[in-house]
Amino acid sequence: MIEQKSLETFFGIGNHTSSRLLARFNIHPTCRVGELANKQVLDLTAVLSDMKIENDLRREVLNDIKRLKETGTYRGRRHALGLPVRGQRTRTQVGVSFVPISCLSLRPDLATSLALVHVVLVASGDFVAGRIKTPVKLNRMERRL
Amino acid sequence: MASSWCWSCLSRLRATPTPRAILPPQSITPRITTASFHSSAVQYANPTKKKGSLVAVKYRQGQTLRRKKKKTTERARPPAVGERKALRKRIVLSNPNALEIEGMQDLSSETMVDARLRGSVLGLPVPMLDQLRAVQAFKPKQGWSIFRRPGTVLRRDTLEMARLFEKISGEGDGAEKGKVVKKIITGLKGSGKSVHLLQAMAMGFLKKWVVVTVPDARDLVSGDTSYSPIEGTNPTQYVQPNAVSALLMRTVEANRQVLSSLKVSQKHSALPSLKPSSTLEDLAKLGFQDAAVAWPVFQALWTELTATAAAPGMEKDFKPRPPMLVTVDGIGHWMKESAYRASDYTPVHAHDLVFVKHFLSLLLNGQASLKNGGMVLYATSTSNNPSIYTLDVALDQLAARQTGVSPSSPEYPAPEAYSGADARVLELFKPTTGKEPQFELQTLGGLTRDEARGYLEYFARSGLLREEVNESWVGEKWSLSGGGIIGELEKLGRHVRTTAQPAPVLN
């Protein structure tokens, strides 16, 4: 396998980082993993072990989203609802950016929790760390869930 | 009985058993449906029901997002790794269907300088083909595969080059042994630059020179071979061990006979494993057995080949070194930044690659120049060519100097302001101040009419061209090919015309 490609299999390393890593250790762009010298392999491992990649990075991203949700920000709410976060239009053409309700029906666990959060947030904004304070009557759309 | 054939379109009507006179009225007659050529069937057809007109629109139903799943189509197994490339790079040198040409002469020391043969196609000697293949003289799309055996035209430029080969080898009249001729070969697309290099290599092999080639300059800068920095150089220079090793392998394979007859005559402190009695072939072999020492081996080989005398204490087996031929095809790639990156991610200029630099320094009168004489032929390419403004300007300058324009005169071409001209390229091409003349620019043009005629006759005699090759026909083709551009002539020559067959008559 080509070295650059195999670096990019790590979550958190894309073209930008991988090409710089290769340049740093004088590895040509089409080098294959088998052609690497021992020293180059050791150097790469040393650098990779210092970088925040894979699960560490995933955890960080999830923590960031969690923080947004906990502080009750708009972005957090949008994340919780599975709606577009960055101001996209939702009237039409939402296929890419949010999880449609019909898809949620396939996953009852997620659907219920999201619906509940939705209810709570829409009704009052009374929201303490994910626990529902005031029960609200579900509207038709939500009953469907 | 009436024929069941429709006379207008020759399609068969429905065969009715009853004669026409007793046909029922037209309203009862079954509509002709079998005659597919008639448009009336379509016109009489019942109007099709509009699909979905009765389906009620479901207003009250929630709209859900339906996405089509991509269908995974079964594909045939792709060819094995490397197979496609092998097919692409395959070089076929013989076509058993082409006719053998009687009386075709081979390229030899005598024929290559024979002006009477100008315009005729000389075959490349069969034993030499392996050597030419080894130095990758043939390119895949040069059309060698349409003839019985490979041959090249003896054109004016070839004859001139052959005379130079003779002179430098110390033969013939006006011998200038030890002279170095340096040329940059340019020309239009299809003007025969690469084949000119091939002819030079063939002559080099004939004269028992050492032939060193870089068949494609791009290979050294495209970032496809390994590179490593040389410690303590400023600006940092890079060595490409695998590319050097490949070059050593090519050189040994092609020049085995010459290299195995020469013994090591210098001391090489970088190569402790080298025995003093070994031949240059053994020396070069060290390099391609272990790429790590390829660069020191190449340097050692170069000092051996350019040595004019043996080191003290090693004179016993010293033989004078033969002249060398160095060719590079597609020099434009060496005039820009390479695909390699320095450790701070800045691009590495091609001139910082020490291997490239070595070959470019042969153009200048530096340390590495050919002391035993020889030829340095670097060709530009037009089929695989980066567009480099500075090189264009530099070549214009070189051409201007050759026609006698002084560098201080206003007609002398200069790079435009703010064009970002590459100073290193301009530096390479700047006029020399020393006694030694600078390298020349040789522009290959078209063949003359006589040469074109000889070339097209070669097609005719190979059985590829079924035309009478006469003065007027050749004149036409010569003009069509842009004044005898040989690549265009080849296209015209190989275009086989067949007469149209008469169409079969239907009854």
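FYI, it's all coordinate maths here, none of it is from the lab. All values reported here derive from a predicted model rather than from experimental measurement. Ideal geometry is used to build each Cβ from the backbone, glycine not excepted, and the neighbour counts take in all protein chains shown.
Of the GluC sites (Glu not before Pro) in region B:361-448, the ones in a loop by DSSP (not H, G, I, E or B) with at most 16 other beta carbons within 10 Å are B:Glu411, B:Glu416. Value of Rg to Rh for region B:125-183, rounded to two decimals, is 1.06; Kirkwood radius and Rg both from alpha-carbon coordinates. Kirkwood-type hydrodynamic radius, region B:318-435: 16.1 Å, calculated from all non-identical alpha-carbon pairs. Convex hull volume per residue, computed on the Cα atoms of region B:449-494, equals 55 Å³.
Most tightly packed first, judged by the mean number of other beta-carbon atoms within 10 Å of their residues, the peptides B:456-466, B:164-174 read B:456-466, B:164-174. The distance from the alpha carbon centre of region B:358-399 to that of region A:5-36 is 34 Å, rounded to a whole number. For B:Ser265, the shell of other residues with beta-carbons less than 15 Å away shows a net charge of +2, using +1 for Lys and Arg and -1 for Asp and Glu.
Principal axis extents of the Cα atoms in region B:159-316, from largest to smallest and rounded to whole angstrom, are 45, 44, 30. Roughly how many Å is it from the Cα centre of region B:86-102 to that of region B:278-308, as a whole number? What the calculation gives is 35 Å, centre to centre. For B:Lys182, the residues whose modelled amide H falls within less than 5 Å of its own, excluding neighbours fewer than 5 places apart on the same chain, are B:Val376, B:Glu440. Per residue of A:20-28, other chain Cβ atoms within 10 Å of the residue Cβ number 6 on average. Peptide B:160-169 has a mean shielding of 0, counted as Cβ atoms of other protein chains within 10 Å of each residue's Cβ. For region B:229-293, the relative contact order is 36 percent, taking Cα pairs closer than 8 Å that sit 6 or more residues apart in sequence and dividing their mean separation by the residue count.
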